[in-house]
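Okay, structure first, notes after.
The values are calculated or read from the model by the stated rules, or taken from the named source; none is laboratory data. Bear in mind the structure is a predicted one, so any value in this text is a computation, not a measurement. Positions of Cβ are backbone-derived with ideal geometry, glycine not excepted, and every protein chain shown enters the neighbour counts. The protein model used for the area step is the full one, side chains on, heavy atoms only, and it has no ligands, DNA or RNA in it. Shrake-Rupley method; radii C 1.70, N 1.55, O 1.52, S 1.80 Å.
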Amino acid sequence: YFYTKKVREEKEQELDQMKLNFFINVSHEFRTPLTLILNPVDKILSSFNDPEEVKKSALIIQRSSRRLLHLVNQLLDLRKMDLGKKPLEISHMNIVKFSKDIFLLFEDLAKTKGIDFVFDAPKKQLYGMFDPDKIEKILTNLLSNALKFTDSGGKVCLSISEIKAE
């Protein structure tokens, strides 16, 4: 009885720790799109007479809001996940366009911080098989951290290139 009780307590503590880690990770994921929404809102409020700037900022707000909605949907689908592991959902997509769309979300933040922000892709189209959700998380995390840890006057470059297997 004592051994079973001890094992059960350890499993409950392990589950509680996994839940805590999950919510810390999700909170981190929410912070980036919220920051990316607030910057364009500030810009809209300060440049209301410039329709082109308002439109550009509204598009960033729309993309970031969709990202937040996607994160909320992931939370609601939590019961479908097996201990935080979700199977890959591979799609055949243009990685250059996909990456550029994510890159553009961070453009205002980079400009606000005085960082030279460069997207480099020799081709406009480069198709491949990848899980868009996983790549979006990776790129969002990389760009967010790069901007967070780059000082004003620095440079962040997202480069896409094709490597041919021999």
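Before moving on, here are some points about what is shown:
- Residue count for the range 81-90, restricted to those that are loosely packed, with under 12 Cβ neighbours inside 10 Å and of a type outside the set (Asp, Glu): 5.
- Each residue in the range 16-74 was checked for being of a type in the set (A, V, I, L, M, F, W, C), more than 24 Å from Leu139 (Cα to Cα) and surrounded by 15 or more Cβ atoms within 10 Å (Cβ to Cβ), and 2 of them qualify.
- Failed criterion for His92 (all others in (1) modelled with pLDDT of 90 or more; (2) in contact with a helix residue (DSSP H, G or I) (Cβ under 8 Å, 6 or more places away or on another chain) hold): (2)
- Top-ranked residue in the range 127-166 [being aliphatic (A, V, I, L, M) and farther than 21 Å from Lys111 by Cα; ranked as most open to solvent (accessible area, probe 1.4 Å)]: Ile163
- Subset of the range 114-126 (residues that are assigned to a loop (DSSP other than H, G, I, E, B) and crowded, with 17+ Cβ neighbours inside 10 Å): Ile115, Ala121, Leu126
- Residues in the range 91-113 that are β-branched (Val, Ile, Thr) and either open to solvent by 90 Å² or more (accessible area, probe 1.4 Å) or touching a Cys at 6+ places or on another chain (Cβ under 7 Å) (or both): 1 in all.
- Contact map, the range 15-31: residues that are over 12 Å from Leu71 (Cα atoms) and in contact (Cβ under 8 Å) with a residue 12 or more places away in the chain paired with residues that are loosely packed, with under 10 Cβ neighbours inside 10 Å and of a type in the set (A, V, I, L, M, F, W, C), Cβ distance under 9 Å, separation 6+ or inter-chain. Pairs shown: Met18/Leu83.
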